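Structure first, commentary second.
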Amino acid sequence: MQNKKYHIDNIKKLLTSSEFKKYKYVYIYSDFRFFLSENKEDINKFMNSFLEIFLKNNQTIIVPAFSYSKKKFEVKTTKSSVGFFSNYILKFKDSLRSEHPIFSYLAYGPNKKIVYKVGKSAFGKDSVHERLLLNGCCFLHFGRKLSDGNTIVHHVEQNLAAPYRFEKVFKTKVYNKKKFIGTNYSAYVKKKFNKSSLFSFEKVQKKIKKEKIIINLNNEKNLKSIFYYSYDEIYFFLHKLYLSNNKIFLKHN
């Protein structure tokens, strides 16, 4: 028997508070495995009802749809390599995907054009991350742990010229509806793979929790958890952490 706590009607209540609805954009990190197991009778109905929450809030959702394509990338048809939700959104005709072949994003909602014609740097000038900063956005974790990290870290690292990363150009050819768009998109990546350059969010997570940046919506943990936090607040907090310790995002320092 389904637990009422995880019924879509209860989830709607969690995501329609005046505090949450003030955000224009909702960047969603998700792992739907638990929620879909609780609503397996009609998964499509659950997912459509979930998306309807944001549309009724007049919010635009942003979803990572990274494909890491090294040779060819077709904006609308290349599958995402980062999970169920992005591929579910990708099927929607009225969703919009950014053109970056390595780190693309999907947008769905009234202001979806924020991901259109992005700059060629994944985390730098005119990237999706730069466009969202100071533009009324929050991160929503839906069944995904904070300890899994957040790619906004790489935006901070690039803006502050982290010495253990560099801007790598990819020769991937990008197409949209078979029309060639361009190539030479780039990403701020690790200079070399070794223990000293391994990413870790562990130390950062502890500091975030101490600052009480996170707003927990259901007080559950791991796959059952739903929480959000301000995009701007986390960016500037991570910015400050890096300035005090430029190895804060590394496992070994």
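The values are calculated or read from the model by the stated rules, or taken from the named source; none is laboratory data. The structure displayed is predicted, hence computed values, not measured ones. Note that we place each Cβ from the backbone using ideal geometry, even for glycine, and neighbour counts take in every protein chain shown.
Could you grab me the full set of residues in region 162-173 that are of a type in the set (D, E, K, R) and either buried (at least 18 other Cβ atoms within 10 Å of the Cβ) or under 15 Å from residue 103 (Cβ atoms) (or both)?
165, 167, 168 - these are the residues of region 162-173 that are of a type in the set (D, E, K, R) and either buried (at least 18 other Cβ atoms within 10 Å of the Cβ) or under 15 Å from residue 103 (Cβ atoms) (or both).
Residue 215 passes all but one of (1) within 23 Å of residue 125 (Cβ to Cβ); (2) under 19 Å from the mean Cα position of the chain (by Cα); which number fails?
(1)
Look through 222, 159 and report the one residue that is among the polar types (S, T, N, Q) and surrounded by fewer than 17 Cβ atoms within 10 Å (Cβ to Cβ).
Only one candidate passes the filter, namely 222.
In region 241-249, is there at least one residue being surrounded by 15 or more Cβ atoms within 10 Å (Cβ to Cβ), closer than 28 Å to residue 31 by Cα and within 20 Å of the chain's Cα centre (by Cα)?
Yes, region 241-249 contains a residue that is surrounded by 15 or more Cβ atoms within 10 Å (Cβ to Cβ), closer than 28 Å to residue 31 by Cα and within 20 Å of the chain's Cα centre (by Cα).
From the set of residues in region 216-233 that are touching a strand residue (DSSP E or B) at 6+ places or on another chain (Cβ under 7 Å) and among the aliphatic types (A, V, I, L, M), which is nearest to residue 139 (Cα to Cα)?
226
Could you give every pair whose Cβ atoms fall below 6 Å, whose first residue belongs to region 93-108 and is acidic (Asp, Glu), and whose second residue is part of a strand (DSSP E or B) and crowded, with 23+ Cβ neighbours inside 10 Å, counting only separations of at least 6 or pairs across chains?
Sorted first by the residue in region 93-108, then by its partner, the pairs are 99/174.
Yes/no matrix, rows are residues, columns are (1) within 30 Å of residue 187 (Cα to Cα); (2) of a type in the set (Gly, Ala, Ser); (3) in contact with a strand residue (DSSP E or B) (Cβ under 6 Å, 6 or more places away or on another chain); (4) at pLDDT below 95:
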| position | (1), (2), (3), (4) |
| --- | --- |
| 4 | no, no, no, yes |
| 21 | no, no, no, no |
| 39 | no, no, no, yes |
| 49 | no, yes, no, no |
| 61 | yes, no, yes, no |
| 66 | yes, no, no, no |
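Here's the yes/no breakdown for (1) modelled with pLDDT of 95 or more; (2) farther than 27 Å from residue 67 by Cβ:
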site: 188; (1), (2): yes, no
site: 197; (1), (2): no, no
site: 209; (1), (2): no, yes
site: 215; (1), (2): yes, yes
site: 236; (1), (2): yes, yes
site: 247; (1), (2): no, yes
site: 252; (1), (2): no, yes
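Please work out if residue 88 is in a strand (DSSP E or B), modelled with pLDDT of 95 or more and crowded, with 18+ Cβ neighbours inside 10 Å.
So residue 88 does not fit the description; no.
Pairs only if they're at least six apart or on different chains, beta carbon under 9 angstrom, first in region 49-60 and within 15 Å of residue 11 (Cβ to Cβ) and touching a residue at least 12 places away in the same chain (Cβ under 8 Å), second of a type in the set (Asp, Glu) and assigned to a helix (DSSP H, G or I); list them, first residue then second.
Qualifying pairs under 9 Å: 49/9.
Kindly list, by first and then second residue, each pair from a residue in region 14-34 that is basic (Lys, Arg) to a residue that is modelled with pLDDT of 95 or more, limited to pairs with Cβ atoms under 6 Å and residues at least 6 apart or on different chains.
Taking only residues 6 or more apart or on different chains, the pairs are 21/57; 24/136.
Where residues in region 94-135 are over 23 Å from residue 201 (Cβ atoms), of a type in the set (Gly, Ala, Ser) and more than 15 Å from the chain's Cα centre (by Cα), which of them is surrounded by the fewest Cβ atoms within 10 Å (Cβ to Cβ)?
119
For region 149-253, please list each of the strands (runs of 3 or more DSSP E) lying entirely inside it that holds at least 3 residues being without any contact (Cβ under 8 Å) to a residue 40 or more places away in the chain.
Correct list: 165-170.
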